[in-house]
Every structure is written in structure tokens, then in C-alpha cells.
1. In whole Hz and in residue order, list the ³J(HN,Hα) couplings for the range 5-21 that follow from phi through the Karplus curve 6.51 cos²θ - 1.76 cosθ + 1.60, θ = phi - 60°; x for Gly and Pro.
2. Quickly work out the residue 219-to-residue 54 label distance, labels modelled 7 Å from Cα along the C-beta direction, and quote it in nm with one decimal.
3. Which residues does a label at residue 85 reach in the range 8-37, if reach means a backbone N under 16 Å from a point 7 Å past the Cα toward the Cβ?
4. Pairs of Cα atoms under 8 Å, at least six residues apart: use those to get the relative contact order of the range 2-90, whole percent.
5. With the crude spin-label approximation of a point 7 Å out along Cα→Cβ, what separation in nm comes out for residue 179 versus residue 42?
6. Take peptides 188-196, 119-127 and line them up by average Cβ neighbours within 10 Å, highest first, as a rough protection proxy.
7. Collect residues whose amide H, placed 1.01 Å from N in the peptide plane, falls under 5 Å from the amide H of residue 52; neighbours closer than 5 in sequence don't count.
8. How would you rank 72-83, 41-52, highest first, on the average number of other Cβ atoms within 10 Å across their residues?
Amino acid sequence: MQVTLERVTPRMAAAWLNMNTHNRKLRSGVAERYAADMMAGRWTSCPEPISFYADGRLADGQHRLFAIVESDVAITLPIARGLTLQDGLNLNTGIPRNVIDNVRLTGIEVDVDKQKLATAKSIHYGTRWHAAPSTSESLAIYLQHQDAAVFATKHVAHAAGLCSSLITGAVGRAWYFETDKQRLARFCSVLANGLHGGPGEIAATAIRNYLKANPGNATAGQWIQTFAKVQNAIWYFMRSQPLLIIKAVSDEAYPFPTVEALGLSRQSRAKRLRSADREAA
């Protein structure tokens, strides 16, 4: 086996893909995520080589090659040539790392876990359709919404049906808009125990009862509708307005704001990302 480091251009990638005759099917969205990272400058050095069998056929790396073609960006990658068919038996057989694994292994000092990360994504995307983000994009989303995600996961109780990323994401959205954080934490408390303090807090028990009676959100449409309903209940609660029945709502009470509206200037967000990069160095 010979391994070299080469600058792979879109034209080279396309030519190599033409030798991709005995490979697995492309996984939906993977090449697109890689391409998005490449175009955004988030693609990092990858020690896993693009691999070829001794007869010239592509053995591994088709998603990265497709991403290079789609992004129209040249990427430097290790290239391994001369693999035997037996060598191919152990390609991609290791235990895959998730986003949390990768963040921890980089050494970046970030207070993140699966729930906080899922909450940040819920805050960021909300009712907007999206493809699954890459690891680099997921970290960028978390760094953008870290404060809101930490608040939401801290105050939303770990109770069955009441602590999903749908709930914490809606609370995180409200965190950006509502100045009375104690009142927002109170909503989370009433949501958890169902004990309201009068008509001004009944919106929390109303949405609690709705969530208990309608567990699960199997489809994207159901998720979107419930996400909007939870936001609406928070909005009523924060203004001490009674809300007895949970009905469909057409608009989000806390729509996704711009970076400036979040109180995070482009400069401060870039500074936070640079700080994370320095800590990883």
C-alpha cells in the first residue's frame, strides 16, 4: 500500500468516481453536509485516506469525492493506493463517533451534552426544514445558542414527555425574547409539576395537559405544530394571560431571529468560535 498527500480537484474527484464500480450506495445527505462544510471553510484535515484497490477501483471515500465535485472546492487529502480485496474487509468497521465524542476528543472546553446539543439545534431550526448538520456545523450552532440551551436544559424538568428537545428548544427561543428569566423559569416549574398559581399561570398547565394527552411527534408536521403551540403557551404565561385550550397556531410566538436580534454580533460570535479553536489547539 502506498499513501500520499494530494490536492484533489473537482475534476480529479469526478474522474475517480467513474472508477467507483463496486461500492456501497451513497447515504442520503452525507455528501451534501461535507460539501456545505467545504464551501463554508469548515472542512478540517482528515487522516482517513481516499482508498483505491490495486486494480484502480475506488475502495473508500466516495462521499468526500462527491462533496468535492458538488462544492467545486479542491481539498488536500491522503490517498492510499494498492489495497487488496482482503484489505477492504476492514474499511469503515470501527465504532462511529457522534458529535459529542468528536467535540470532547478535540479538547475544546465546551459545556455540551446530547440534550444541550439537541436543544441548540431545536432553537436554531425550529419549524424550518433542514438537512442533518455536519459535526462542524453542529458545533457552530451550539456555540451560537449555548447560553439559551444551558438555561432551557437546566430548568425544563426531566419528566416523561416534558423534556424533549421540542420543549427545551421552545423555551430556548423564548429566552432570547423575554427579559424576565425568573418568570420563564417559573413556566418550566409549572410545566413540570402542574401546580399553577392562578389564571395567569394556567397556560403552563394547559400545554402540559396537551403534551401528556398527545405524546410523541412522529411526523415533521406534528413536530412543527407542537413546537409552535408550546411557544404560544409560553407567550401567554409570560404575560399572565389565561390560556385554557391549546389550539393550532399559524405563527411562532418567538420566530427565529437574526444574529443581531439574538444579541450576538457577528464579531462576538466569530470571537467565540476563535476562542474554541484556540482551546483545541
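1. Whole-Hz 3J(HN,Hα) from phi for the range 5-21: 10, 9, 8, 9, 8, x, 5, 5, 4, 5, 5, 5, 5, 5, 9, 8, 9.
2. Using points 7 Å along Cα→Cβ, the separation is 5.5 nm.
3. Only 21-24 pass the distance filter.
4. Details: 150 pairs, mean separation 40.7, N = 89.
Relative contact order, the range 2-90: 46 percent.
5. For residue 179 paired with residue 42, the spin-label model returns 3.4 nm.
6. Details: 188-196: 17.0, 119-127: 23.3.
With the highest mean Cβ count within 10 Å placed first, the list reads 119-127, 188-196.
7. Sorted by chain and number, the residues that satisfy this are 59, 80, 81, 82, 83.
8. Listed from highest to lowest mean packing, they are 72-83, 41-52.
Read-outs: derived from the displayed coordinates by stated rules, not from any lab. All values derive from a computational prediction rather than experimental measurement. Positions of Cβ are backbone-derived with ideal geometry, glycine not excepted, and every protein chain shown enters the neighbour counts.
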